[in-house]
1. Considering Cα pairs under 8 angstrom that are at least six residues apart, work out the relative contact order of the range B:2-246 and quote it in whole percent.
2. Run down the aspartates and glutamates and flag those whose C-alpha is under 13 Å from the C-alpha of A:K399, throwing out any fewer than 8 positions away in its chain.
3. Quote the relative contact order of the range A:62-206 in percent (integer), defining contacts as alpha-carbon pairs under 8 Å separated by 6+ residues.
4. Between the range A:250-286 and the range A:187-218, what's the alpha-carbon centroid distance in Å?
5. Give me the 1.4 Å probe accessible area per residue for chain A, excluding ligands and nucleic acids, in Å².
6. Compute the semi-axes of the equivalent ellipsoid of the range B:2-246, taking the square root of 5 times each eigenvalue of the Cα gyration tensor, and list them largest first in whole Å.
7. Ignoring everything except DSSP H segments at least 4 long, calculate the 222 nm mean residue ellipticity for chain A; use -39,500 (n - 2.57) per segment, divide by total residues, nearest 500.
8. Determine the shielding of peptide B:89-98 by partner chains: average, over its residues, the number of Cβ atoms on other chains within 10 angstrom of each Cβ.
Amino acid sequence: MRSVLLDAPVWNHAAVPPWFAQSQQTAWETFSRLPLPSRRDEAWRFADLKLLALEGYADEDSAVAAPAALALLEQSAARLVFRNGHFQAAESHRPSGIQVLTLAEALASHGDRLQAVLQVPETGLGSAKFAALHHAHLRDAVVIIIPAGQEIEQPIEIVHLLQGPSAAVFPRTLILTEAKAKVAVLEQHLGESEGGLSIGAAQLIAGEGSTLHYTLLNRLGAGSKSMHFSTVSAGRDAQLRHSLFNLGSGWARTECRSLLEGPGSRSEMFSVSLAAGGQEIDQRTLQDHLSPHSYSDLLYKNVLFDTSRTIFAGLIKVDEGAHGTDAYQKCRNLLLSDDCEANSMPGLEINADQVKCSHGSTTGRIAEEELFYFESRGIPRLQATRLIAVGFAQEVVAKVGHPAVEALISQAVEARFAEQEG
Amino acid sequence: MKLEIKDLHVSIGDREILKGLTLDLPKGEVHAIMGPNGSGKSTLSKVLAGHEDYTVTSGSVLMDGIDLLAMPIDQRSRAGFFLAFQYPMEIPGVSNANFLRAALQARLPKGKPIDAVAFYKQLYAKMDLLKMDRSFTARSVNEGFSGGEKKRNEILQMAMLEPTYAVLDETDSGLDIDALKIVSDGVNAMRGPDRGILLITHYQRLLDYIKPDVVHVMADGQIIKSGGADLALELEERGYDWLTKAA
Ligand SMILES: Nc1ncnc2c1ncn2[C@@H]1O[C@H](COP(=O)(O)OP(=O)(O)OP(=O)(O)O)[C@@H](O)[C@H]1O
Ligand SMILES: [Mg+2]
């Protein structure tokens with residue numbers, strides 16, 4: 001078995017441009033050179049570094065099981081299904097009018113244009129080593145390019161299935177929207193077995209006046225580990241929305257860096273995490289305002305059961321010259337046991353004038369009086385708790401903005417809470 | 001068949017609030033409790049519902065012969081007890097429809113899903129009766145509701161859950177003149193041989209709309225006098241002094 005950590009990847013670089021081959025080679029060297037995060041690392045504060053033991057995952061084709069029923073959108077503009085990183089043409093559909101490409105296709109047709117972006121997806125939020133690992137192992141990717149003025153009505157759907165306890169996948173999605181283009185993408189990470197490793201990345205680049213909505217649903221198995229790095233950049237008057245739903249994985253770390261590069265740009269970052277058992281969900285964010293009159297809003301919610309832990313560390317950074325910035329950041333934790341632990345580290349760094357910023361975090365339990373009200377109507381305590389917690393999560397689901405996507409997420413949330421109830 | 005409260009003593013911490021309260025509410029009747037502020041009316045209602053702040057030190061409550069106080073809170077409701085709260089809770093994030101649906105679902109055998117079509121049909125019918133706008137189904141339970149809307153919502157819940165014994169704690173407080181009539185009609189529609197209703201109120205006016213079979217006066221944790229509907233009129237005229245002094 002070739003270990004994803006110890007053995008250099010075996011690349012098939014025959015058909016790729018030299019720059020891409022080089023980027024993977026360099027990424028592997030970077031990964032090997034960089035040290036593991038340490039206790040003193042601010043970007044890993046509160047994290048249980050023991051969970052970073054990523055030995056035992058294999059860099060080779062695991063047997064791909066027969067297709068199981070997937071929860072899919074009824075209607076999608078395009079769908080790409082990957083099993084253990086392998087594109088499944090038979091389960092996918094890609095109409096001709098939309099540029100939804102695999103890595104090989106994208107490199108062949110848009111190689112020059114992609115050179116600057118198809119590099120190690122660095123968030124600057126602590127996982128440079130693992131972002132390099134991800135890039136080094138990349139075999140495929142989804143590249144979506146929406147040309148100027150094109151509005152895609154239905155969402156585009158990407159599904160990654162992780163099969164087998166020692167399988168490792170490295171999902172990569174790059175979405176470029178040109179001027180005034182519009183698209184919504186739903187990416188699902190699904191686990192058909194308990195274990196596995198997923199280290200993924202999304203790069204969202206929204207051109208002038210375009211609208212790009214991206215939603216990632218993690219429903220990997222409870223024994224799996226996952227990391228996901230997003231870099232988001234919004235051009236002039238662009239509108240970006242990045243929504244995360246962490247309903248799976250025993251350990252999950254997400255990093256999301258949002259750059260408000262163009263004046264008048266907007267970025268929204270939403271997240272719901274359900275942590276249970278001994279799960280740890282670790283989320284780090286940056287809202288970086290580089291241009292005047294840009295707007296960003298972040299709402300991260302965590303629901304914690306059992307002995308689970310969550311970490312939220314977020315920074316709003318308003319650079320010199322980014323006057324007229326509106327930036328908001330809120331983390332809300334709902335504790336459903338006495339033994340769980342929610343860590344929040346909201347942060348602000350303002351170097352410009354005339355800015356409106358607020359940040360904060362709240363941590364609470366369900367009030368006894370609220371539960372009493374439910375029980376007094378005959379609703380058992382456990383169900384009351386679920387209804388309240390689902391309601392807490394639904395506020396974020398309702399912000400995704402596409403009815404079919406919201407319905408799918410909503411069902412996943414309900415199902416996950418129902419599992420919790422047993 | 002009755003709700004039978006016998007020599008009930010209830011404390012909060014060291015303080016005794018109900019001091020040997022005895023009251024029978026037979027099925028098919030409507031009783032009213034009136035009494036000064038702080039006399040323990042809401043305490044009684046919450047003890048019956050099972051609120052954990054209150055300690056029953058002695059006495060008993062039987063609902064059709066079954067020990068109500070021995071049951072967990074949710075089971076009391078499913079067994080047929082209902083309390084319309086004086087101050088209903090706001091539940092952000094849970095819609096009125098989902099709340100009621102969960103309450104009805106909890107009454108079905110495990111694994112049997114509720115009939116959604118029938119549920120909404122029934123819900124809309126009851127809402128029409130109480131002249132509640134359909135938009136209330138999607139709104140979070142009581143969140144941002146006006147005082148009167150919350151009270152109406154409590155009666156909607158009662159209408160949906162069809163309890164055997166219902167205690168309505170100052171449901172009339174905060175209702176405007178029209179709403180009082182509508183809510184009273186709603187309560188009257190639920191009167192019948194299979195249901196006992198206990199109205200807690202400060203105002204005779206409610207009893208003009210919902211004619212009680214018996215009126216009780218409560219003071220300092222006890223029932224100090226019971227009588228017919230006329231007793232309410234007398235209280236309206238004379239206040240409580242003449243009774244509390246005599247007692
Ligand atoms: N949770 C509590 N903690 C402390 N004291 C309480 C609590 N609940 C009730 N009491 C006290 O018990 C007494 C009875 O209160 P209760 O609410 O039952 O009165 P009430 O008859 O319903 O009054 P009102 O007519 O004003 O509604 C009051 O003195 C009140 O302050
Ligand atoms: Mg009261």
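The values are calculated or read from the model by the stated rules, or taken from the named source; none is laboratory data. Everything quoted here is computed from the prediction, not taken from an experiment. No Cβ is skipped: glycine too gets one built from the backbone with ideal geometry, and neighbour counts run over all protein chains shown. These area figures cover heavy atoms from the full protein model, side chains too; ligands, DNA and RNA do not enter into them. Shrake-Rupley method; radii C 1.70, N 1.55, O 1.52, S 1.80 Å.
1. Details: 440 pairs, mean separation 70.9, N = 245.
In percent, rounded to a whole number, it is 29.
2. Those aspartates and glutamates meeting the cut-off are A:E268, A:D297.
3. Working: 286 pairs, mean separation 40.1, N = 145.
Relative contact order comes out at 28 percent.
4. Between the Cα centres of the range A:250-286 and the range A:187-218 lies a distance of 11 Å.
5. On the way: 15740 Å² over 422 residues.
Value returned for chain A: 37 Å² of accessible area per residue.
6. Working: eigenvalues 174, 92, 53 Å².
Ellipsoid semi-axes (Å, largest first): 30, 21, 16.
7. On the way: 6 runs with 82 residues, N = 422.
About -6000 deg cm²/dmol.
8. Working: counts 8, 2, 9, 5, 9, 10, 3, 0, 0, 4.
Across B:89-98, the average partner-chain Cβ count within 10 Å equals 5.
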